[in-house]
Amino acid sequence: MNRTVLIIGYVWVEPNSSAAGSRMLQLIQAFIKSKFEVVFTSPAVKGEKAINLSDLGVKEVAIELNSSSFDVFISELQPELVMFDRFMMEEQFGWRVAEQCPNALRVLDTEDLHFLRKVRHQLLKKDIPFSTKALLKSNEAKREIASILRCDLSLIISTFELQLLKEVFKVDESILLHLPFMLEELSEEKIDAWNSFEERNHFVFVGNFFHQPNVDAVLELKRIWPDIRKQLPKAEVHIYGAYVNQQIQQLHKHNNGFVVKGFAENAMHVVSKAKVVLAPIRFGAGIKGKLTEAMLCGTPSVTTTIGAEGMHGNLPWNGYVSENSDDFIEKAIELYTNEEQWSNAQKNGVSIINSIYKKETLEQNFIKATNDLISNLENHRTNNFLGSLLQHQTLQSTKYMSKWIEEKNKKTEN
């Protein structure tokens, strides 16, 4: 009999809109390949860009926040594994899962460390240098670390974040699993099909504009673009992404080569025609889908230290990692005009994808880790005393707050 996995999604799956959507689809496909019955739920409103998971054989169920209807649903389902999509879902539903399915393995897919992104943003706005001390003082960090400790296993997408959790926050590595994007290997056949240096034109940026680091990156790109355009008067930068807001749309200036294109139905197609990806990311966390996407298309990139963070191990970058605006501008121009440098950068991208993001190996490691924990869950939880302690304390406080909200909602409806 196949095991059942219940995924509690922060949003419905939109792989064409964001890296988070692509990541979730990769996890779902790994479960399906390993013969799990997959049920995907979310309390969010389903957007028009969400894919139909039922086409993959996945059951989709809408759920409500602060409602005992979820208790009935999960009690009947009795999954062997429950995966929370981001710590906010664990906060909302973790205690209900623990009550109704105490023997289900609880897995947290962090996507990225939200507190790291938020603290970096706060410090950037105040022009204060980043420090781990600021993280340790953060209330967001306390919430997210507590969620990680309560779960049996947390999926960490970046090597930088894995090191941060182990060394700064002293999280035991037995409850952490490094799991980056799981990507198809770049074969010689795929590489041969790429557009050549001569066949490509323009710079490109792709990002979901619900995501604040992407908004900031495009504003930064707009600021430095005149200096690039001055030396490359025929070049354009094309801005693509889901949920373009007015702030981004009003940056469109076709005469200056700053072209806001909006949502790309096929981002890979767009990136594969561009010569260089520009990503001046000033704050954020996790690993960047736009940059692995560039490598998959054979398109070199120029980004920042935060942009490339935790993405390439000891391997040389797929282009350049710049520390300041002047260097970023210089490297963008160099990569756009120097075919030899461009070709070397492209090869670096192939090495990164085929060494670090190898889908088959990562899927096997992930499924093995979950199966081993399901088989040894009692012992694993006994050794995670802090997790048990937090589970006990949080279950009580969150439980009664949620029940109070539910009762209040009932009175409002009546």
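The values are calculated or read from the model by the stated rules, or taken from the named source; none is laboratory data. Treat the numbers as computed from the prediction; the structure is a model and nothing was measured. Neighbour counts are summed over all protein chains in view; Cβ atoms, including those assigned to glycine, are modelled from backbone coordinates with ideal geometry. For the accessible areas, the whole protein counts, side chains as well, though only heavy atoms, and no ligand, DNA or RNA atoms are used. Shrake-Rupley method; radii C 1.70, N 1.55, O 1.52, S 1.80 Å.
Summary of computed values
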| quantity | calculated |
| --- | --- |
| Pairs with Cβ under 7 Å, 6+ apart, first in the range 85-101 and without any contact (Cβ under 8 Å) to a residue 60 or more places away in the chain, second part of a helix (DSSP H, G or I) and open to solvent by 40 Å² or more (accessible area, probe 1.4 Å) | Q100/S75 |
| Failed condition for S154, given (1) open to solvent by less than 20 Å² (accessible area, probe 1.4 Å); (2) more than 16 Å from G387 (Cα to Cα); (3) of a type in the set (S, T, Y) | (2) |
| Among (1) farther than 18 Å from L27 by Cα; (2) buried (at least 19 other Cβ atoms within 10 Å of the Cβ) - the single one L123 does not satisfy | (2) |
| Options K166, K118, K133, K170; residue that is open to solvent by 40 Å² or more (accessible area, probe 1.4 Å) and in a loop (DSSP other than H, G, I, E, B) | K170 |
| Test set (1) closer than 20 Å to S301 by Cα; (2) in contact (Cβ under 8 Å) with a residue 24 or more places away in the chain - K234 fails condition number | (2) |
| Residue match in the range 28-38 (condition: open to solvent by 50 Å² or more (accessible area, probe 1.4 Å), outside any helix (DSSP H, G or I) and of a type outside the set (S, T, Y)) | yes |
| Positions within the range 323-371 being within 22 Å of L219 (Cα to Cα), without any contact (Cβ under 8 Å) to a residue 40 or more places away in the chain and of a type in the set (S, T, N, Q), in sequence order | N324 |
| Subset of the range 327-376 that is closer than 30 Å to P233 by Cα and acidic (D, E) - its residue that is most open to solvent (accessible area, probe 1.4 Å) | E340 |
| Residue in the range 8-26 that is open to solvent by 50 Å² or more (accessible area, probe 1.4 Å) and in a helix (DSSP H, G or I) present | no |
| Pairs where the first residue, in the range 154-178, is in contact (Cβ under 8 Å) with a residue 12 or more places away in the chain and the second is crowded, with 20+ Cβ neighbours inside 10 Å and of a type in the set (F, W, Y), C-beta under 9 Å, 6+ apart | S154/F87; L155/F366; I157/F181; L177/F366 |
| Test: N365 is over 25 Å from F160 (Cα atoms) and assigned to a helix (DSSP H, G or I) | no |
| Scan of the range 50-74 for residues that are open to solvent by 50 Å² or more (accessible area, probe 1.4 Å) and among the polar types (S, T, N, Q), ordered by number | N52, S54, S69 |
| Residue list for the range 281-306, filter: surrounded by 24 or more Cβ atoms within 10 Å (Cβ to Cβ), in contact with a Leu (Cβ under 6 Å, 6 or more places away or on another chain) and of a type outside the set (V, I, T) | A285, P300, S301 |
| Scan of the range 151-169 for residues that are within 12 Å of E309 (Cα to Cα) and hydroxyl-bearing (S, T, Y), ordered by number | S158, T159 |
